[in-house]
Structure formats: C-alpha cells, structure tokens
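Worksheet: one structure, shown below.
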Amino acid sequence: MRGKKAPKRVLIPDAKYGSANVTKLINYVMKEGKRGVATRIVYNALETAAATSKKEPLEVLDKAIENVGPVLEVRGRRIGGANYQIPYEVSRERRLILSYRWMIDAAKKRKGAGMAGRLASELTDACKGEGAAVKKREDTHRMAEANRAFAHFARF
C-alpha cells in the first residue's frame, strides 16, 4: 500500500435522535447526495417501526442491528491450487456495515408502498428476529459452520 491510511471521520449525530447509528443509516439510504430525502425516509421508517412494535425508535434500530449483524463470515482463499471458503470472525465495525446494507437491500426487494414503509417493516421484522435480513445472517452463519473444517487455514 502506498501512502498512509486515511483517518476515520467522526460522524455527526443526527438532529432528531442524537444518534450516530441513525446518521449512518441515513448515509446508506442516501442516493445521489439527496440527504433530505434519505432523512425523511429513515425518520418515517423509525417512527412507523416504533409505533408497530410499541418500543422507542432507537431501541428498535439497535435491536434490529443486533439481530442482523453476523458474527462469522467466509472469505475465499487460494491454497495449493484449491480455493477454500475460510470462516473468519467479523469485526464490530464490519458487523454494523453489513447489517445496514442487508436491511436496506431487503427493504428494496420488498413489495409495498414507499421506501419508508418497506424499511419500517424490515426494521420491525429484524427487531423480532424475522425477515430477509435475518435470514441472510443465518445463511452466512450456516456457510461459516459448514466450512469450519478449513478454519485452521485462517491462522497464517
């Protein structure tokens, strides 16, 4: 690698909830720099999810992130002419990244009215431990468990 590693930027907490997690979710939902649209989508989704689950909005988001974030994942590695899927532990930061990405992708694939409604239903399902994003996590864990025999290759 050339040069030095870019420093991590500190996220400014959002205006309504004062949470960096909500800001991060807004950034992931945002397309083409349209922050206002993304903010409206996320706030509406959080309010709807909180109303349906009868919990606080931040509580719903935190529980959804916890239920969707994977602990293990597999990475391909070429050893002696063969490709192996080697299970690795997922860092805390990558766990957050994957959980946001999977929830948004699952919301996009849902049928229904508006992105805010689809994201709200995905957040509610993820909070309960259901939904497509949680299924994606279970599939990832299943894949890592199936390839546990190759875990010793991760050590060097």
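The values are calculated or read from the model by the stated rules, or taken from the named source; none is laboratory data. It should be emphasised that the depicted structure is a prediction, and the values quoted were computed from it without experimental measurement. Glycine also receives a Cβ, built like all others from the backbone with ideal geometry; neighbour counts cover every protein chain displayed.
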Take ASP105 and tell me if it is closer than 23 Å to GLY18 by Cα and either touching a Ser or Thr at 6+ places or on another chain (Cβ under 7 Å) or not basic (Lys, Arg) (or both). no
Qualifying residues in the stretch 86-102 (those that are of a type outside the set (D, E, K, R) and in contact (Cβ under 8 Å) with a residue 40 or more places away in the chain) - the one nearest to ALA49 (Cα to Cα): TYR100
When ILE79 is evaluated against the numbered criteria (1) in contact (Cβ under 8 Å) with a residue 12 or more places away in the chain; (2) loosely packed, with under 12 Cβ neighbours inside 10 Å; (3) under 19 Å from VAL134 (Cα atoms); (4) of a type outside the set (D, E, K, R), which criterion, by number, is the only one it fails? (3)
Does the stretch 20-28 include one or more residues that are out of contact with any Pro (no Cβ under 8 Å at 6 or more places or on another chain), closer than 17 Å to SER121 by Cα and assigned to a helix (DSSP H, G or I)? yes
Residue list for the stretch 57-71, restricted to those being closer than 11 Å to SER99 by Cβ, of a type in the set (A, V, I, L, M, F, W, C) and in contact with a Ser or Thr (Cβ under 7 Å, 6 or more places away or on another chain): ILE65, VAL68
Enumeration of residues in the stretch 82-97 that are within 20 Å of VAL134 (Cα to Cα) and either loosely packed, with under 11 Cβ neighbours inside 10 Å or of a type outside the set (A, V, I, L, M) (or both): PRO87, TYR88, GLU89, SER91, ARG92, GLU93, ARG94, ARG95
Checking the condition farther than 26 Å from LYS136 by Cα and at pLDDT 95 or above, which residue from LYS16, LYS8, LYS34 passes? LYS34
If the requirement is being hydrophobic (A, V, I, L, M, F, W, C) and in contact with a helix residue (DSSP H, G or I) (Cβ under 8 Å, 6 or more places away or on another chain), which of these qualifies: ILE86, ILE97? ILE86
Among the listed residues ALA151, ALA144, which satisfies the condition of being surrounded by 20 or more Cβ atoms within 10 Å (Cβ to Cβ) and touching a strand residue (DSSP E or B) at 6+ places or on another chain (Cβ under 9 Å)? ALA144
Does the stretch 31-50 include one or more residues that are without any contact (Cβ under 8 Å) to a residue 24 or more places away in the chain, assigned to a helix (DSSP H, G or I) and among the polar types (S, T, N, Q)? no
Can you list residue pairs whose Cβ atoms sit under 8 Å apart, with the first residue in the stretch 1-20 being touching a residue at least 40 places away in the same chain (Cβ under 8 Å) and the second being hydrophobic (A, V, I, L, M, F, W, C) and surrounded by 10 or more Cβ atoms within 10 Å (Cβ to Cβ)? Count only pairs 6 or more apart in sequence or on different chains. TYR17/LEU46; TYR17/LEU58; SER19/LEU58; SER19/LEU61
